[in-house]
Amino acid sequence: MSNTPTKMWSGRFREPLDRTFEQWQRSFPFDWRLIPQEVAASKAHAHAIAAAGILTPDELTKMLAGLDAVAQRPLNWAHRISATSSIPDYETSNPQIAAAIVASAPQAEDIHHYVELELTKEVGTLALKLHTGRSRNEQIATDMRLFVRDAIDATLAGLRDWLLALIGLAEASEEAVMPGYTHLQRAEPVLIAHWLLAYVSMLERDYSRFTDARTRMNFCPLGSGAIAGATLALDRTIAAKALAFTAPTPNSMDATSDRDFMLDFAQAAATLGLHISRFAEELTLYATAEFGFVDLPEAFSTGSSAMPQKKNPDLTELARGKSARLLGAATALATLIKGLPLAYNKDLQEGQEQIFDIADTVAGLLSVLPNFTRALTFRSEKMTTSAETGYLNAMAAATYLSNKGVAFRKAHEIVGNAVRLGLDKGLELNQLPLAELQTLSPEFTEDFFAAIDLRSTLNCHDVIGGTATHRVADALTAAKTRVAHLISSVSSEDQVVA
Ligand code: ARG
């Protein structure tokens, strides 16, 4: 064996690896994306082993500078390739950058090996001391936590932006009305703002799912060793603090094999994806000629190469499609973890690509949805007409009778008969002559017509969470306050860190 082994573990081996297997089992072709996380975790570990007396202060300084130089490399590649000075999160999946980095290090088995090899180029054999008191098992667990933590922060920022866009659109829609649907059949009129605030509620819950996941996962595996804990009396709080984790993880076997932090993120993303797909589906429908509620913004639509008249809702269709990817990735991760014996197993390497794909997919979705939302315009006349036809005021009519003392079940029956009458005559409820209505119930009087006009139909839903105009105005104010609070709590956290 030569002095510089090509593997991190070659000592006990006498036979070379099968070349195809060797290539196939590598993770560097995808885990190169963890360079920033691996370097940050390595710097934190360097501080911890220096405190334990393994590195002199001079060696520590050299080691940290060397690691910074290694972290700079992907930026250099990106710069060379795309002429940008930094890699935006979303662009790290740029295949050209990936190919260049991977080709630059043909020996590297995985991200841990890569950083060690590159660090050796920077600081010589001192690099080989860095692995004292640590294992790749705790490193990958740490890197992935750091990656997921960043992905959550990026997702939260995207969600805040989309929430602002939805609230802005709700505010701009003022008191405009649309038909609300159940079973995709016209049900009752609602304010457009009320409908949009339904998505605000969904996204707020998504937001809290990501926030919860972040809090739960924010513990540092470093010092857990391969399975049983570091073989060096490390002060684990040093690395935990350096990486802004709440504390060290409490159990080394769990810390090196737990991936439910990834699952939490994946499942929160899958749920967000489901919400996105509902929004996308509604917009796709509302943009059809049949509904005609929405003018698709040209900037976010595409044409047909065959049919000159077409303006296609590709954004919402793709968004609906991307949710399948998110759900698939969450399912793949859950399946991966199921039945794995403690502690680390190489199967876990398979989870990384799912997480990268989720992070990219969510980042992509949230890069287009806020501005798409801002660009939406409603055909409110068409929406109002649809809300005024098809007996959407039948519930309000039954409520009118029940307010007059008629039992609701009876009132329901009477109004059902009135609807039947209207259907036969081709008239809406408010077009039926009072005399005819009175043959169904003597309780119908002249005030009936005002009680079932569009505004009254909306305003009879005067409860918290209802679509009565003033309730929606209150709900909008409350949503604005909550989102402003989300935004200010992030900027005050930034101040604490700064
Ligand atoms: N590339 C590996 C992974 O992603 C790193 C951990 C390797 N550990 C090991 N004992 N082989 O899981």
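Being at pLDDT 95 or above and over 22 Å from TRP162 (Cβ atoms) is the filter here; which residues of region 371-382 pass it?
Passing the criteria: ARG379, GLU381, LYS382.
What do you reckon, is LEU128 without any contact (Cβ under 8 Å) to a residue 24 or more places away in the chain, within 16 Å of the ligand (Cβ to nearest atom), part of a helix (DSSP H, G or I) and surrounded by fewer than 21 Cβ atoms within 10 Å (Cβ to Cβ)?
no
For every residue, the table says whether it meets (1) touching a residue at least 40 places away in the same chain (Cβ under 8 Å); (2) closer than 30 Å to ASP143 by Cα; (3) out of contact with any helix residue (DSSP H, G or I) (no Cβ under 8 Å at 6 or more places or on another chain).
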residue	(1), (2), (3)
ALA172	no, no, yes
GLU175	yes, no, no
TYR181	no, no, yes
ARG186	yes, no, no
PRO189	yes, no, no
ILE192	yes, no, no
VAL200	yes, no, no
ASP206	yes, yes, no
ARG209	yes, yes, no
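Let's see how each residue does on (1) out of contact with any Pro (no Cβ under 9 Å at 6 or more places or on another chain); (2) within 19 Å of PRO248 (Cβ to Cβ); (3) among the aromatic types (Phe, Trp, Tyr):
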{"site": "ALA141", "(1), (2), (3)": "no, yes, no"}
{"site": "ASP150", "(1), (2), (3)": "no, no, no"}
{"site": "ASP153", "(1), (2), (3)": "yes, no, no"}
{"site": "GLY168", "(1), (2), (3)": "yes, no, no"}
{"site": "ARG186", "(1), (2), (3)": "no, no, no"}
{"site": "LEU197", "(1), (2), (3)": "yes, no, no"}
{"site": "THR215", "(1), (2), (3)": "yes, yes, no"}
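Looking at region 24-39, which of its residues are away from the ligand (no atom under 14 Å from the Cβ) and either over 24 Å from GLY225 (Cβ atoms) or buried (at least 20 other Cβ atoms within 10 Å of the Cβ) (or both)?
Hit for region 24-39 is VAL39, nothing else.
Mind telling me which of the residues GLU171, GLU188, GLU204, GLU175 ends up being away from the ligand (no atom under 16 Å from the Cβ) and in a loop (DSSP other than H, G, I, E, B)?
GLU175 is the lone residue from the list that is away from the ligand (no atom under 16 Å from the Cβ) and in a loop (DSSP other than H, G, I, E, B).
Give just the number: which of (1) out of contact with any Phe, Trp or Tyr (no Cβ under 8 Å at 6 or more places or on another chain); (2) more than 28 Å from TRP162 (Cβ to Cβ); (3) among the β-branched types (Val, Ile, Thr) does THR256 not satisfy?
(1)
Without any contact (Cβ under 8 Å) to a residue 40 or more places away in the chain and aliphatic (A, V, I, L, M): which single residue out of ALA359, ALA394, ALA363 fits that description?
The conditions single out ALA394.
For every residue, the table says whether it meets (1) more than 42 Å from the chain's Cα centre (by Cα); (2) at pLDDT 95 or above.
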residue	(1), (2)
ALA398	yes, yes
ILE414	yes, yes
ALA418	yes, yes
PRO442	yes, yes
PHE448	yes, yes
ASN459	no, yes
ARG482	no, yes
VAL490	no, no
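For (1) farther than 22 Å from SER27 by Cα; (2) within 16 Å of the ligand (Cβ to nearest atom); (3) aliphatic (A, V, I, L, M), each residue gets a yes or a no:
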residue: LEU272; (1), (2), (3): yes, no, yes
residue: ASP295; (1), (2), (3): yes, no, no
residue: ALA299; (1), (2), (3): yes, no, yes
residue: THR316; (1), (2), (3): yes, no, no
residue: THR335; (1), (2), (3): no, no, no
residue: ASP357; (1), (2), (3): no, yes, no
residue: GLY364; (1), (2), (3): yes, no, no
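Can you confirm whether region 306-314 contains a residue that is touching a residue at least 12 places away in the same chain (Cβ under 8 Å) and either out of contact with any Ser or Thr (no Cβ under 7 Å at 6 or more places or on another chain) or within 15 Å of ILE276 (Cα to Cα) (or both)?
Among the residues of region 306-314, at least one is touching a residue at least 12 places away in the same chain (Cβ under 8 Å) and either out of contact with any Ser or Thr (no Cβ under 7 Å at 6 or more places or on another chain) or within 15 Å of ILE276 (Cα to Cα) (or both), which makes the answer yes.
Here's a check for you: in region 102-123, which residue that is within 18 Å of LEU75 (Cβ to Cβ), more than 16 Å from the ligand (Cβ to nearest atom) and of a type in the set (A, V, I, L, M, F, W, C) is modelled with the highest pLDDT?
Among those residues, the one meeting the criterion is LEU119.
Give region 335-354 a look and list any residue that's surrounded by fewer than 16 Cβ atoms within 10 Å (Cβ to Cβ) and either part of a loop (DSSP other than H, G, I, E, B) or not hydroxyl-bearing (Ser, Thr, Tyr) (or both), or say none.
LYS338, GLY339, LEU340, PRO341, LEU342, ASN345, LYS346, ASP347, GLU350
Only one of these is at positive phi and either crowded, with 16+ Cβ neighbours inside 10 Å or part of a helix (DSSP H, G or I) (or both): TYR391, TYR400. Name it.
TYR391
When region 132-150 is examined, which residues are found to be touching a helix residue (DSSP H, G or I) at 6+ places or on another chain (Cβ under 7 Å), within 14 Å of the ligand (Cβ to nearest atom) and assigned to a loop (DSSP other than H, G, I, E, B)?
ARG134
Any residue at all in region 217-234 that's within 16 Å of the ligand (Cβ to nearest atom), out of contact with any Cys (no Cβ under 8 Å at 6 or more places or on another chain), in a helix (DSSP H, G or I) and more than 19 Å from ASP150 (Cβ to Cβ)?
Checking region 217-234: not a single residue is within 16 Å of the ligand (Cβ to nearest atom), out of contact with any Cys (no Cβ under 8 Å at 6 or more places or on another chain), in a helix (DSSP H, G or I) and more than 19 Å from ASP150 (Cβ to Cβ).
With the requirement that a residue be surrounded by fewer than 20 Cβ atoms within 10 Å (Cβ to Cβ) and among the charged types (D, E, K, R), what does region 189-213 give you?
Residues satisfying the conditions are GLU204, ARG205, ARG209, ASP212.
Being under 28 Å from GLU281 (Cα atoms), within 16 Å of the ligand (Cβ to nearest atom) and in a helix (DSSP H, G or I): is that true of ALA324 here?
No; evaluated as a whole, the condition is false for this residue.
Kindly indicate which of ALA187, ALA165 is touching a Ser or Thr at 6+ places or on another chain (Cβ under 9 Å) and closer than 30 Å to VAL294 by Cα.
ALA165
The values are calculated or read from the model by the stated rules, or taken from the named source; none is laboratory data. Worth saying up front: this structure is predicted, and the values here are computed from it rather than measured. Heads up, the Cβs are rebuilt from the backbone with ideal geometry, glycines too, and the neighbour counts pull from every protein chain shown.
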